[in-house]
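**Student:** Can you read through this structure? Questions will come right after.
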Amino acid sequence: MSPVYDKLVDLLVDRFAVDRAAIGPDVTFEELEMDSLFLVELLLVIESEFQVKIGEEAAAPTDTIATVVKVIANEIAATAP
């Protein structure tokens, strides 16, 4: 996949103790048993790690990992000089 995907997977594994084998581009946060409160915390970590600003509405439990990767990549591209 992409460097953004790889970094997001690493964050999920290292910071949130998600099983790496359970993560895939088409897996939803709901399938990983992550609720909206978890996503708020994850989005804060994403903002810090990727140096981007994304709102709480950027991800829902029914979104896939690939959807959030796309949001992050779009924000990185929007802030690039």
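The values are calculated or read from the model by the stated rules, or taken from the named source; none is laboratory data. Keep in mind it's a predicted model, so treat the numbers as computed, not measured. Methodologically, a virtual Cβ is constructed for each residue, glycine included, from the backbone with ideal geometry; neighbour enumeration extends over all protein chains shown. Side chains included, ligands, DNA and RNA excluded: accessible areas come from the protein's heavy atoms. Shrake-Rupley method; radii C 1.70, N 1.55, O 1.52, S 1.80 Å.
**Student:** DSSP loop (so not H, G, I, E, B), at most 12 other Cβ within 10 Å: list which GluC sites (Glu not before Pro) in segment 1-66 pass both filters.
**Tutor:** Passing sites in segment 1-66 are Glu33.
**Student:** May I ask for the net charge around Lys53, where only other residues with Cβ less than 12 Å from the Cβ of Lys53 are counted and Lys, Arg are +1 while Asp, Glu are -1?
**Tutor:** Details: positive: none; negative: Glu47, Glu56, Glu75.
Net charge around Lys53: -3.
**Student:** Which angle between 0 and 90 degrees, to the nearest 10, do you get for helix 36-50 versus the longest principal axis of the chain when only C-alpha atoms count?
**Tutor:** 40 degrees
**Student:** Now for a different question. If you roll a 1.4 Å probe over the heavy atoms of the protein chains, what accessible area per residue do you get for the chain, in Å²?
**Tutor:** Value for the chain: 59 Å² per residue.
**Student:** Here's something else I'd like to know. Nearest 10 degrees is fine. How inclined is helix 65-79 to the longest principal axis of the chain, computing both from alpha carbons?
**Tutor:** 10 degrees
**Student:** Let me ask something else. Can you give me the relative contact order of the chain as a percent, contacts being Cα pairs under 8 Å and 6 or more apart?
**Tutor:** It rounds to 35 percent for the chain.
**Student:** Moving on to the next point. Local charge sum around Val71 (other residues, Cβ-Cβ under 15 Å, Lys/Arg +1, Asp/Glu -1)?
**Tutor:** Every neighbour counted, the sum reads -3.
**Student:** In whole percent, how big is the carbon plus sulfur part of the accessible area of the chain, probe 1.4 Å, protein atoms only? Display every interim value, and only then the final one.
**Tutor:** Numbers: 2510 of 4780 Å².
It is 53 percent, rounded to a whole number.
**Student:** Turning to a different aspect of this structure: When only DSSP loop residues count, what trypsin sites (Lys or Arg not before Pro) in the chain have their Cβ near at most 14 other Cβ atoms within 10 Å?
**Tutor:** Filter output for the chain: Lys53.
**Student:** Let me ask something else about it. So I have (i) 1.89; (ii) 1.19; (iii) 0.99, and one of them is Cα Rg over 2.2 N^0.38 Å calculated from this model. Which one is it?
**Tutor:** Of the listed options (i) 1.89; (ii) 1.19; (iii) 0.99, (iii) comes from this structure.
**Student:** Related question: With charges set only on the Cβ (+1 for Lys and Arg, -1 for Asp and Glu), what does the dipole of the chain come to about its Cα centre, in debye to the nearest 20?
**Tutor:** Using only the charged Cβ atoms, the result is roughly 320 debye.
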